[in-house]
Amino acid sequence: MLVLTRRSGEAIVIGNGIKITVVSVGPGRVKLGIEAPPNVRIDREEIHARIMQEQATDVLSAVTAGCAAGDHPTIITSASDTGVDLRAPAAEPIPTAVPVDGAVPMARPAYARKPR
């Protein structure tokens with residue numbers, strides 16, 4: 001954390017468009033003025049934390065609302081969670097190409113390819 005000392009009326013600049021000015025200093029309180037472009041959102045820390053919590057709750061409720069009653073959303077964190085081995089041979093081997101005019105067919109693997 002960068003700690004700066006400023007007096008009333010002095011300012012600091014962040015990046016190219018944010019200016020923070022010390023407006024007044026009182027007992028146990030500092031009043032700041034913030035100039036920033038309109039696309040930069042400025043919140044107090046406690047308001048920001050509440051907004052983040054509400055957004056997380058909204059996302060969770062949207063995910064669970066898409067499920068039928070009694071169903072639960074499934075979150076797969078790795079391929080081992082599915083119980084499917086993508087390296088296992090396919091049920092039916094993939095047919096090889098038939099040579100045309102004496103051409104040598106390319107060898108194809110006998111297992112299913114992973115989709116791209």
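The values are calculated or read from the model by the stated rules, or taken from the named source; none is laboratory data. Bear in mind that the values here come from a model prediction, so they are computed numbers and not experimental data. Positions of Cβ are backbone-derived with ideal geometry, glycine not excepted, and every protein chain shown enters the neighbour counts.
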Which members of region 26-67 meet the condition of being more than 22 Å from the chain's Cα centre (by Cα) and in a helix (DSSP H, G or I)?
Glu46
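Table: residues versus (1) on the phi > 0 side of the Ramachandran plot; (2) in contact with a strand residue (DSSP E or B) (Cβ under 9 Å, 6 or more places away or on another chain); (3) at pLDDT below 90.
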position	(1), (2), (3)
Ser8	no, yes, no
Asn16	no, no, yes
Val22	no, yes, no
Pro27	no, no, no
Val30	no, yes, no
Gly33	no, yes, no
Asn39	no, no, no
Glu45	no, no, no
Gln55	no, no, yes
